[in-house]
Amino acid sequence: MKLEYFISKRLVTSKEYKNSVSAPIMKIAVIAVAISTIMMLVSIATGLGLQNKIRDKITSFNGHIIISNYDNNQSDITLEPINIKQDFYPDYTSFSGVKEIHPYASKAGVIRTLETFEGVIYKGVGDDYNWSYLEDYIVEGRSPEIKKEGMTNEVLISEYLAKRLAIKLNDKIETFFMKDSGNGMPNIRAFEVVGIYNSGFKSFDETYVVGDLKQIQRLNKWSKDEVGAFEVYVENFSNINAVNDSLYTKIPASLNSVSIVDKFFNIFDWLSLFDFNIYVILGIMILVATINMIVALLVLILERTKMIGLLKSLGAGNWTIRKIFLLQASHIVFNGLIWGNIIGIGVLLLQHYFGIVKLDPTQYYVTEAPVYLNVFYILGLNLALIVICYLIMIIPSYIITKITPVKALRYQ
């Protein structure tokens, strides 16, 4: 056992240390490190959780990239058809970074009941649509069964619309669609509600009804090879801009590709503010922890001035003595980290499983504070705090080099 570790361990475990003047300051330092760790864990987990949750909700209804006709249509309704046979569909394996591509079409309609009516956008998807993106939000029933051959009347509506229209699972709903010419009686379709979803994203919940793509093809008098647009899902969201740029250069000139980051730029700009908030909180908490550790280390050094003089008179070098106090301070940091991680992760797990903290969905697009737990960022955060505290503590430990044995042994 090395001398530095032996002496620092005896100092920490001795009864005199526990009853010394510095003992309360050491406890405060441990508490400061623990609180800083808790705040950093909570800020990162909830900040990333909110970003990921909102991003996933937007993705579930729009994909990561939308390929549509190059026109001035700014609405969510697809007007002009696109031939489904493209270089990027159905075989998209040659396009780097693309995970899935799904054709779809959308059309405005009105759902009418005996008491009321609501305007909606009917989104038609094909038989290859990946329902796993929406299944997490289905609160009742199931997703529609869309087959390659034949047309289904099954639809998925939101809980918001179901309450507004007094609709229950398995009810039949009449939906009116205006003809493209705008003349004559509207087209009427009777749909069966087989599923009810709740995304918590009001702009989607009050708008979208999801069903069979072939319904829109028939309403618009399109052929089976004509669709409204394509939803593209990328393998890694952080590469969405690069994939979008690559797609844009490869698709025909009559088509345009827009990422959800650009389409919902106001939401993603708002989400980017969370990164700044996280950095500010991390900076403040690290500053609090390091200041408390510097104060604690200085108190330890001043309290053990005689011991420093004695060790120097026996031939111990400055760095040897500095390591004794750095190891002692490291004991405080590790204690604070242990308690901080236990409490912080415990609080986050409670929020994750029980949703204790609620949020206003009209402001945050979610009903409760989401939590993102990742082992790597937790370990990285702890390692960063250890390294920063250790490097910062080297500076005040320099005061040991200014202590001479003669003056130290006379110190009262």
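Below are the figures for this structure:
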quantity	calculated
Angle between the chain longest axis and helix 3-13 axis [Cα atoms, degrees, rounded to 10]	80 degrees
Those lysines that a straight Cα-Cα span of less than 19 Å connects to K2, excepting residues fewer than 8 apart in one chain	K312, K323
Partners for K99 among aspartates and glutamates (Cα-Cα distance below 13 Å; same-chain residues under 8 apart left out)	D91, E231, E235
Pair-distance profile P(r), taking every C-alpha pair of segment 190-348, with 10 angstrom steps and integer %	7, 17, 19, 15, 12, 11, 9, 6, 3, 1
Packing-based ranking, highest mean first, of 389-395, 291-297 given that Cβ atoms within 10 Å are counted	291-297, 389-395
Positive-end extreme of charge dipole, the chain - chosen from P361, I188, G49 (charges on Cβ)	G49
Listed pairs K107/K172; K147/K179; K172/K358; K179/K250 exceeding 30 Å between Cα atoms	K172/K358; K179/K250
Charged-residue dipole, Cβ positions (Lys, Arg, Asp, Glu), the chain about Cα centre, Debye nearest 20	3060 debye
At most 12 other Cβ within 10 Å, DSSP loop - trypsin sites (Lys or Arg not before Pro), segment 33-97	K85
Extension gain (nm, one decimal) between M151 and Y70, 0.36 nm per residue minus Cα-Cα	26.2 nm
Listed candidates [x] 24.1, 85; [y] 21.9, 69; [z] 31.5, 106 - label of the one calculated as Rg and Dmax of the Cα atoms in Å	[z]
Listed peptides 112-122, 59-69 by packing density, highest first (mean Cβ within 10 Å)	59-69, 112-122
Amide H contacts under 5 Å for E368, placed H, 5+ residues apart	L359
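Quick note: the coordinates plus some simple rules give every number you see, no bench work behind them. As the structure is a computational prediction, the values presented were derived from the model and not from experiment. Methodologically, a virtual Cβ is constructed for each residue, glycine included, from the backbone with ideal geometry; neighbour enumeration extends over all protein chains shown.
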